[in-house]
Amino acid sequence: MEQTQHKKVGIIGGMGPLATADLFEKITHLTKADADSKHIHVIIDSDTSIPDRTAAILGLGPDPTDELKAAAKRLENAGADILLMPCNTAHYFYPAIQASTKCPILHMLRLTAEEIKSRGHIKVALLATDGTVKTGIYAKLFEEYGIDYMLPEPEEQRLVMSMIYDGIKADNEQYFDTEPIKAALRAMQQRGADAFVLGCTELPIAFDDFELDFPTVDPTRVLAKNAVLTAGYELKTK
């Protein structure tokens, strides 16, 4: 029987470091392996100097495209066969990054839309950075896949951004007040949301650290699962 050709995975990371670590951990947990040598060869470039993607999209900071392209090229030169980018907002720059490398970059947002469609959710609420929301990249995919969705109201969106930047990115989990965001999530449920799309890679970490017990779709996990399969490995079933 012909042996499956395994591929090396490269992660364009640093956006932020915890989100990068979260993706690597999920890839490891989702891979069926009974020894170290059975796991995927993962190459991580965690470049924390990449300019903030939301600031760039809002016209408040430098364009990160050159740094993202450089990270992709470094990973390609290091031997990666496929690339992952654990930052939802960075996918606004996806076409330019993909054009700069021979390695296919798995599109986390498209894979997430496919996952939502396959689960049969009635209506999802998108939780994301201001930059991701402004680009409409999720909205376009939701419309393409026929997914009904809602966005947070302005004050709810402010709370989402605070959880991302003041909570996780600031390493302030111990003192962050979660009651306002819990109330906002419940309000979105009352308006019809049956699941929350964690459209910023800090949000799965926040939902775990803050014990936010709500139904979610985790794009980081979706990306990890698809990375395992694309790399030619089996998924762990338990």
Out of everything in the range 1-25 that is without any contact (Cβ under 8 Å) to a residue 40 or more places away in the chain and outside the structural domain of Leu83 (by TED's automatic domain parsing), what residue ends up being farthest from Leu229 (Cα to Cα)? Met1
For the range 39-58, which residues satisfy the criterion of being modelled with pLDDT under 95 and surrounded by fewer than 16 Cβ atoms within 10 Å (Cβ to Cβ)? Leu58
Within the range 74-102, which residues are under 18 Å from Lys7 (Cβ atoms) and surrounded by fewer than 16 Cβ atoms within 10 Å (Cβ to Cβ)? Asn77, Ala78, Gly79, Lys102
Odd one out for Leu235 among (1) within 21 Å of Glu173 (Cβ to Cβ); (2) not assigned by TED's automatic domain parsing to the domain that holds Asp166: (1)
Going through the range 61-71 in order, the residues found to be more than 17 Å from Phe24 (Cβ to Cβ) and in a helix (DSSP H, G or I) are Thr65, Asp66, Glu67, Leu68, Lys69, Ala70
Scanning the range 95-111 for residues that are assigned to a loop (DSSP other than H, G, I, E, B) and in contact with a strand residue (DSSP E or B) (Cβ under 6 Å, 6 or more places away or on another chain), the one nearest to Lys225 (Cα to Cα) turns out to be Leu106
When the residues of the range 140-185 are narrowed to those that are in contact with a strand residue (DSSP E or B) (Cβ under 7 Å, 6 or more places away or on another chain) and assigned to a helix (DSSP H, G or I), which ends up nearest to Arg110 (Cα to Cα)? Phe142
Going residue by residue through the range 26-42, is there one that turns out to be under 22 Å from Gly199 (Cβ atoms) and either free of Cβ contacts under 8 Å to residues at least 60 places away in the same chain or touching a Cys at 6+ places or on another chain (Cβ under 6 Å) (or both)? no
Among (1) free of Cβ contacts under 8 Å to residues at least 60 places away in the same chain; (2) assigned to a loop (DSSP other than H, G, I, E, B); (3) among the small types (Gly, Ala, Ser), the one test that Ala193 misses: (1)
Under the condition of being surrounded by 13 or more Cβ atoms within 10 Å (Cβ to Cβ) and charged (D, E, K, R), which residue from the range 142-164 is farthest from Ala206 (Cα to Cα)? Glu143
What residue, of Asp213, Asp218, is surrounded by fewer than 17 Cβ atoms within 10 Å (Cβ to Cβ), modelled with pLDDT of 95 or more and not small (Gly, Ala, Ser)? Asp213
Yes or no: Thr101 touching a helix residue (DSSP H, G or I) at 6+ places or on another chain (Cβ under 7 Å) and at pLDDT 95 or above? yes
Of everything in the range 73-94, what is in a helix (DSSP H, G or I) and within 17 Å of the chain's Cα centre (by Cα)? Give them in sequence order. Thr89, Ala90, His91, Tyr92, Phe93, Tyr94
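The values are calculated or read from the model by the stated rules, or taken from the named source; none is laboratory data. Small disclaimer: the values here were computed from a predicted structure and weren't measured. Note: ideal-geometry Cβ built from the backbone for every residue, glycine included; neighbour counts use all protein chains shown.
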